[in-house]
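K.L.:
Before we start, here is the structure in question, set down as structure tokens.
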């Protein structure tokens, strides 16, 4: 086993997309481990608390009139003129990688074990050593067209501080309503429509003493993690799909094992969208977006060895913890193949929890029938009395429902 290190820099992150065409930032073998740094794409909501003084973060977010450290942000166009900027924000998450896995081929399964997760401390002299994150109640949130107080509609940023001195938790520090921001290239962003725009705090009205006496339990996890799909060279990081991606399940943290079907040679694993805490549904648009460092182990399961294992027939992401197996259902299991050449923009028109629930049911049924050799009637009876289905997220266009079954109900291994 080798242990690698992958720090953040403009050379080791890609912004807003999964890709089979980007040169790997790291190559590993099955059994290797890696310490991987990740940055939140929302760090610009409070530059002092989440970027200033941090060489890695400063290098990635560097954007002046004459220089943009990472130009492409999203899977969209890279030749101007632009509406929002290069990549057009068709995908928003900062992802570290890709990590290529030697010997990985389509049909294999890549297992990712999350061994540890740690917050990235602030480097600003006034806040040194403390950890911060941002929550956006945004235009893509479930609530946006259903507000009851003025002004409406509105997008609201809430800055949280993460306390890790004991059992970790987060407290709100302040919030503000998003006001139009002008980026260094002169493009005005009336809403949160392009990642990495640094908020000019002279343009906002800070509101302190919010959410008093509230402690949010921390659930450190990675919202976006997965492999490169085969359908396109650049695939938006926003909708999740059959190779993983923006699943946004708070259970994908320390101790979790994720399984992904390999779609391209090398697998091309990327990770980002780090979160301090999130509830099921991620209702308002984001979690507490913060920067995290994780320790990962890579285990490659070859297609020829999958029969008779829990990975037999797996064509979608699957989570294993000490207590559960979880299957992820989406509006479209593979929207890239099902919606045609305009899938990456078309998917937002089809968001449906009904379809996601149907997909989660079918995937858990398959798991019980294939892995545990149940009849269909047995599987359905067990799901009805012992499985838990929950809303994973309603903000990522390809909406998600997870179906989980407890391990302890099986009396024999």
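K.L.:
Out of (1) in a strand (DSSP E or B); (2) surrounded by 24 or more Cβ atoms within 10 Å (Cβ to Cβ), the odd one out for residue 100 is which?
P.N.:
Only one criterion is unmet by residue 100, namely (2).
K.L.:
Looking at 69, 86, can you tell me which residue is touching a residue at least 24 places away in the same chain (Cβ under 8 Å), surrounded by 15 or more Cβ atoms within 10 Å (Cβ to Cβ), more than 21 Å from residue 247 (Cβ to Cβ) and touching a strand residue (DSSP E or B) at 6+ places or on another chain (Cβ under 8 Å)?
P.N.:
69
K.L.:
For residue 352, all conditions in the list (1) without any contact (Cβ under 8 Å) to a residue 24 or more places away in the chain; (2) surrounded by fewer than 19 Cβ atoms within 10 Å (Cβ to Cβ) hold save one; what is the number of the exception?
P.N.:
Residue 352 satisfies every listed condition except (1).
K.L.:
Has segment 63-85 got at least one residue that is part of a strand (DSSP E or B) and either closer than 17 Å to residue 5 by Cβ or touching a helix residue (DSSP H, G or I) at 6+ places or on another chain (Cβ under 6 Å) (or both)?
P.N.:
no
K.L.:
Any chance segment 376-391 includes a residue that's modelled with pLDDT of 95 or more and within 19 Å of the chain's Cα centre (by Cα)?
P.N.:
Looking for residues that are modelled with pLDDT of 95 or more and within 19 Å of the chain's Cα centre (by Cα), one finds at least one in segment 376-391, hence yes.
K.L.:
Determine if segment 253-270 includes at least one residue that is within 12 Å of the chain's Cα centre (by Cα), in a strand (DSSP E or B) and crowded, with 23+ Cβ neighbours inside 10 Å.
P.N.:
Here is the first cut: in segment 253-270, the residues within 12 Å of the chain's Cα centre (by Cα) are 253, 270.
Filter once more, so that each one left must be in a strand (DSSP E or B): 253, 270.
Subsequent filtering for residues that are crowded, with 23+ Cβ neighbours inside 10 Å retains 270.
Checked segment 253-270: at least one residue is within 12 Å of the chain's Cα centre (by Cα), in a strand (DSSP E or B) and crowded, with 23+ Cβ neighbours inside 10 Å.
K.L.:
From (1) touching a residue at least 60 places away in the same chain (Cβ under 8 Å); (2) assigned to a strand (DSSP E or B), pick out the condition that doesn't hold for residue 4.
P.N.:
(1)
K.L.:
Count, please, the residues in segment 152-206 that happen to be assigned to a strand (DSSP E or B) and over 19 Å from residue 289 (Cα atoms).
P.N.:
Looking only at that region, the number is 4.
K.L.:
Moving on to the next point. Suppose we filter 111, 105, 126 for residues that are more than 16 Å from the chain's Cα centre (by Cα), outside any loop (DSSP other than H, G, I, E, B) and either touching a residue at least 24 places away in the same chain (Cβ under 8 Å) or surrounded by fewer than 19 Cβ atoms within 10 Å (Cβ to Cβ) (or both); which single one remains?
P.N.:
111
K.L.:
Can you name the residue in segment 219-247 that is under 21 Å from residue 8 (Cβ atoms) and not in a strand (DSSP E or B) and, of all such residues, is farthest from the chain's Cα centre (by Cα)?
P.N.:
Checked segment 219-247; the qualifying residue farthest from the chain's Cα centre (by Cα) is 228.
K.L.:
So which of 217, 274 is touching a strand residue (DSSP E or B) at 6+ places or on another chain (Cβ under 7 Å), surrounded by 21 or more Cβ atoms within 10 Å (Cβ to Cβ), on the phi < 0 side of the Ramachandran plot and touching a residue at least 24 places away in the same chain (Cβ under 8 Å)? Give the steps one after another, and end with the answer.
P.N.:
Working: 217 fails: surrounded by 21 or more Cβ atoms within 10 Å (Cβ to Cβ).
Step by step, each of 217, 274 is checked, and only 274 is touching a strand residue (DSSP E or B) at 6+ places or on another chain (Cβ under 7 Å), surrounded by 21 or more Cβ atoms within 10 Å (Cβ to Cβ), on the phi < 0 side of the Ramachandran plot and touching a residue at least 24 places away in the same chain (Cβ under 8 Å).
K.L.:
Now a separate question. Quick check on this structure: which one of 314, 319, 283 is surrounded by fewer than 24 Cβ atoms within 10 Å (Cβ to Cβ), at pLDDT 95 or above and assigned to a strand (DSSP E or B)?
P.N.:
Of 314, 319, 283, the one residue that is surrounded by fewer than 24 Cβ atoms within 10 Å (Cβ to Cβ), at pLDDT 95 or above and assigned to a strand (DSSP E or B) is 319.
K.L.:
Only residues that are buried (at least 17 other Cβ atoms within 10 Å of the Cβ) and either part of a helix (DSSP H, G or I) or at pLDDT below 95 (or both): list them for segment 322-339, please.
P.N.:
Listed by number, the residues that qualify are 335, 336.
K.L.:
Answer yes or no as to whether residue 366 is in contact (Cβ under 8 Å) with a residue 24 or more places away in the chain, in a helix (DSSP H, G or I) and surrounded by 17 or more Cβ atoms within 10 Å (Cβ to Cβ).
P.N.:
The answer is yes for residue 366.
K.L.:
Shifting gears a bit: Which one of 354, 342, 359 is assigned to a helix (DSSP H, G or I), under 23 Å from residue 312 (Cβ atoms) and either under 19 Å from the mean Cα position of the chain (by Cα) or at pLDDT 95 or above (or both)?
P.N.:
Only one candidate qualifies: 359.
K.L.:
Would you mind finding the one in 397, 379 that is in contact with a helix residue (DSSP H, G or I) (Cβ under 6 Å, 6 or more places away or on another chain), free of Cβ contacts under 8 Å to residues at least 40 places away in the same chain and crowded, with 17+ Cβ neighbours inside 10 Å?
P.N.:
The conditions single out 379.
K.L.:
Determine, yes or no, whether residue 292 is surrounded by 18 or more Cβ atoms within 10 Å (Cβ to Cβ), in contact (Cβ under 8 Å) with a residue 40 or more places away in the chain and over 27 Å from residue 108 (Cβ atoms).
P.N.:
So residue 292 passes the test.
The values are calculated or read from the model by the stated rules, or taken from the named source; none is laboratory data. Everything quoted here is computed from the prediction, not taken from an experiment. Backbone-built Cβ (ideal geometry, glycine too); neighbour counts: all protein chains shown.
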